[in-house]
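The values are calculated or read from the model by the stated rules, or taken from the named source; none is laboratory data. Note that the structure is predicted; figures quoted are calculated from it, not measured. In this analysis, Cβ positions are derived from the backbone assuming ideal geometry, glycine residues included, and neighbour counts consider all displayed protein chains. Only protein heavy atoms, including side chains, enter the accessible area calculation; ligands, DNA and RNA are left aside. Shrake-Rupley method; radii C 1.70, N 1.55, O 1.52, S 1.80 Å.
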Amino acid sequence: MSKFKTLFIIFAFLFIHIANGQESKIQNLEWITGKWLRTNAKSGQSGYEIWTKSSDSKLSGKGVTLKGKEILFIENMEFQFKGKELYFVVSVTGEKEATFFKITELIPNGFTCENPQHDFPKKISYKRNGKYLKAVISGDGQSVDYNFIKEN
C-alpha cells in the first residue's frame, strides 16, 4: 500500500472518530430541546427558552424575557465545537461579539461551562430534573437562578 493511501486511511479514520465524538457530546445534550417556560421571572415579566436540534452536531437556543408583550431581552445560544472542545456560545442583542463558555462538565441531565475572563457571568450551569430545569449564572460572588418548566 502506498504512503498516500495509508495516510488517507489514517486521516479518514481520525475524522470519523472526532465527528462521532462530537455527535456523542451533542446527543448528551438533546434533553434540552423543546420550550422551557420561566417560573421565577420578576413581577410583571415572563420568559422562556426554546431549544432545537438543527443537525447531528448542532443545538441552538433562544432566550426571551418579556414585560407583557414587549420584548426586554433576547439571547441566542448554541453549542459549538472549536477543535475538539465544546462551547456554549451566547449572543446577546446589542453586543458586537458572542461570548464563548467552555463546557467543563457534561452529565446526562446537565452541563457546566466557564469563561473566567468574562465580566459576568463567569460560570453557567444547567441541570434538568424531569420536566424542571434550573440554570444558574454566577461569578465574582454573585449568582442568579433561572427556573423553568417544560411546556407540553
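Quick notes on this structure:
- Exposure check, 1.4 Å probe, all protein chains in place: VAL92 carries approximately 30 Å² of accessible surface.
- Scanning residues 5 or more positions from TYR87 or on other chains, those with amide H under 5 Å from its amide H are GLN80, PHE81, LYS82, ILE103, with H placed 1.01 Å from N in the peptide plane.
- Computed E for GLU85/VAL64 - FRET, C-beta separation, R0 22 angstrom, nearest 0.05: 0.20
- In this simple spin-label approximation, ILE107 and SER143 carry label points 7 Å from Cα along the Cα→Cβ vector, and these lie 1.4 nm apart.
- Potential lengthening between PHE100 and ILE50 on full extension [0.36 nm per residue; Cα-Cα distance subtracted]: 16.1 nm
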